[in-house]
Amino acid sequence: MTTREKLVKQEKPGSRTKMNTLSDTAQTKKRAHTPSGIGKDPDKTKKAANSKKRPTQKDPKEKQKRQTRQARKISLKIVPLGGLNEIGKNLTVFECGQDKFIVDCGLAFPEADMYGVDMVLPDFTYLENNADSLRGIIITHGHEDHIGAIPYLLKKINLPVYGTRLTIGLIEGKLKEHGILSSANLNIITPRDMIKFGCMSAEAILVNHSIPDAIGLAIHTPAGIVIHTGDFKVDYSPIEGGIIDLARFGELGKRGVLALLSDSTNAERPGYTPSERTVGDSFDLLFKSAGRRRIMVATFSSNIHRVQQIISSAKKYNRKVAISGRSMENTVAIAIEQGYLKVPDDILISAESIKSYPNDKIIIITTGSQGEPMSALSRMASNDHRTIQATAEDMVIISATPIPGNEKHVNRVINDLMRLGAKVVYEKMYDVHVSGHACQDELKMVIALTKPRYFIPVHGEYKHIKSHAELAIDMGIAPSNVHIAEIGQVIELDNVDMRVTGTVPAGRIFVDGLGVGDVGSIVLRDRRALSQEGLIIVVATIEKESGTVLAGPDIISRGFVYVRESEELMGEARNVITTILSNNLTESFYDWTSIKSAVRNELSSFIYRKTKRSPIILPILMEV
Ligand SMILES: [Zn+2]
Ligand SMILES: [Zn+2]
């Protein structure tokens with residue numbers, strides 16, 4: 001897209017009319033405008049003309065246009081490559097003059113219809129094409145959706161990486177697994193540090209979240225200050241690490257903030273997210289009531305504060321703690337080593353040794369291989385876990401909310417555990433989980449403190465981002481200064497306006513085993529078809545000279561029908577193929593491609609007529 005797309009009409013900050021709804025902005029966004037023009041939205045022109053306040057529109061507009069051209073100062077570009085209209089793979093590029101830097105570099109977990117895909121990465125094409133002007137990567141916190149893609153990016157472009165101590169510790173573990181730790185340039189920063197990326201600097205600001213050591217960023221640029229909250233919540237009684245630095249957000253707001261990019265995950269939820277400490281109180285009550293039962297707590301491995309509270313309550317009720325799950329073991333080891341987790345002596349035991357303790361002396365903290373709690377628990381419930389089986393003697397506490405799309409699976413695990421006779425406690429019953437993300441009142445507080453000119457809601461599906469945009473508009477930010485962005489957009493902002501000036505490649509790169517990007521949409525379509533309709537292979541051997549069929553045709557099927565019970569259908573199918581072959585094979589000339597496609601098409605319509613199914617058909621014709 002080369003024509004500058006004008007998305008906003010110039011408007012004084014703070015000015016706002018009731019007529020300018022969000023959908024107006026969305027419509028305006030789609031219309032192309034002349035490069036330097038102020039938005040000439042026909043609808044708006046009509047409205048303005050009808051309002052009688054400015055009867056003559058054309059001349060003043062032209063004049064304004066000329067003034068704008070003169071007044072426009074240096075602009076900043078923001079290019080999101082992930083994290084919008086999706087959960088995960090957060091990555092945003094900030095650009096000014098000749099300099100660019102990256103905020104976060106995460107992965108997304110595959111959706112249910114992405115068969116065989118292990119993880120999803122952002123598209124790095126734009127970064128590879130601009131490697132010379134990239135000055136570094138700064139990471140807000142150690143969750144997979146913010147750090148998971150770092151090894152894959154560093155293998156392509158080796159950039160310095162900046163993050164707080166725990167974040168860098170977790171990144172180190174990843175780079176080690178990928179064998180690229182020794183060549184990496186990792187830098188530990190602390191809140192209020194300022195990191196220079198060419199003409200821009202990123203300042204770390206302490207925030208609260210469901211992992212320790214999380215930061216937001218104030219990005220100081222020649223165009224102005226942009227605040228990126230990262231993932232955050234406001235916790236006035238955090239377990240460790242201090243309260244979010246609201247004072248700094250306020251100071252920056254006083255100096256003037258050009259734009260705010262803020263976490264939209266919980267933008268639909270009114271009120272406040274409760275403090276992590278409330279979960280500790282619930283643990284105390286539940287552990288007390290557990291009696292002779294063994295206790296199992298399933299949670300996300302990165303939630304060190306949650307683990308801390310479980311260990312503290314375990315100490316109170318004189319139980320040992322076993323950690324189960326590789327990702328949980330790794331995270332806990334790093335957190336202990338770096339002092340984020342305080343563990344009393346002799347309280348930790350190995351998962352293998354739990355059998356040598358009575359039930360009422362044990363707490364098991366468990367998570368799955370990807371750090372997600374339900375996968376391991378489901379194996380424990382179905383007696384499929386290597387070391388631990390759930391029993392009727394257990395109290396199972398699910399201290400997490402399902403990842404969106406995973407709710408059905410979670411319900412199945414709860415049903416299985418209850419059927420076994422275990423007592424199951426989950427969020428709906430007690431406060432055994434709190435979110436790591438801000439609800440509406442906290443989001444409003446950050447908008448009020450920073451008083452941004454432009455607002456770009458980030459980190460969430462469309463409905464989250466949209467709710468957050470409405471929240472900002474309700475607080476008086478002009479709708480034209482609020483942008484619902486999409487990945488791949490080049491969003492340019494300066495003292496005059498905010499507009500989309502182009503697009504860059506953005507999308508999803510699939511990782512399957514060792515392959516990165518070799519599974520594309522066609523492979524996925526085949527996998528989907530195979531999973532739903534199955535496969536039929538047709539094999540025949542044909543003599544080259546005469547064009548006669550020497551062997552076959554034979555039909556092999558997988559995932560289509562059980563052949564032994566469908567002999568009649570298979571027999572008819574074989575007749576169909578024999579007819580196709582004899583019609584297409586002559587002594588003098590035959591064309592493999594057209595014979596194969598005839599087999600595929602005619603067999604496919606025969607099968608569909610008989611069964612209303614469309615399996616993948618694979619003809620293998622051998623010439624001798
Ligand atoms: Zn996070
Ligand atoms: Zn996140």
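List the residues, sorted by chain then number, that are 5 or more residues from Arg269 or on another chain and whose placed amide H is less than 5 Å from its amide H. Under 5 Å from the amide H of Arg269 lie the amide H atoms of Gln440, each far enough along the sequence or on another chain. Taking 14 Å as the cut-off, the amide N atoms of region 536-564 that come nearer than this to a point 7 Å along the Cα-to-beta-carbon line of Glu623 belong to 541-548.
Take the alpha carbon gyration tensor of region 277-426, find the square roots of its eigenvalues, order them as a ≥ b ≥ c, and report rounded if a/c is under 1.5; if not, report prolate when a/b exceeds b/c, else oblate. Rounded, since a/c falls under 1.5. When each of Tyr340, Tyr608, Tyr562, Tyr430 is scored by the number of other beta-carbon atoms lying within 10 Å, the sequence from fewest to most is Tyr562, Tyr608, Tyr430, Tyr340. Here Ser353 and Ser614 are evaluated by their C-beta separation; at R0 = 35 Å the FRET efficiency comes out at 0.05. Spatially, region 168-207 and region 480-555 are offset by 34 Å when compared through their Cα centroids.
Annotation for Gln98 and Ser201: the two label points, set 7 Å from Cα along the Cα-Cβ direction, are 2.1 nm apart. Applying 1/(1 + (r/R0)^6) with r as the Cβ-Cβ distance of Glu329 and Ala71 and R0 = 41 angstrom yields a FRET efficiency of 0.10.
Here region 522-623 was treated as a single set of alpha-carbon atoms; its pair distances binned every 10 Å from 0 give 15, 48, 28, 9, 0 percent. Only helical runs count toward this figure. For the chain, summing -39,500 (n - 2.57) over DSSP H runs of n ≥ 4 and dividing by all residues gives -10000 deg cm²/dmol at 222 nm.
Annotation: the antiparallel percentage among DSSP beta bridges lying fully within region 215-305 is about 60. A simple spin-label model places pseudo-atoms 7 Å from Cα toward Cβ; at Asp132 and Glu337 they are separated by 3.9 nm.
Each DSSP beta bridge with both residues in the chain is either parallel or antiparallel, and the antiparallel ones are about 50%. Distance from the Cα centroid of region 122-152 to that of region 324-342 is 25 Å (rounded to whole angstrom). For region 112-267, the antiparallel share of DSSP beta bridges with both residues in that region comes to about 65%.
Shape summary of the chain, radius of gyration then Dmax from alpha carbon positions: 29.8, 89 Å. Between Lys428 and Ser182, the distance separating the two model label sites (each 7 Å from Cα on the Cα→Cβ line) works out to 5.4 nm. Taking other C-beta atoms within 10 Å as the exposure proxy, Lys612, Lys288 rank Lys612, Lys288 from fewest upward.
The numbers here are math on the coordinates, done by the rules we state, and not lab data. Every value quoted in this text rests on a predicted model; they were computed, and no experiment measured them. Positions of Cβ are backbone-derived with ideal geometry, glycine not excepted, and every protein chain shown enters the neighbour counts.
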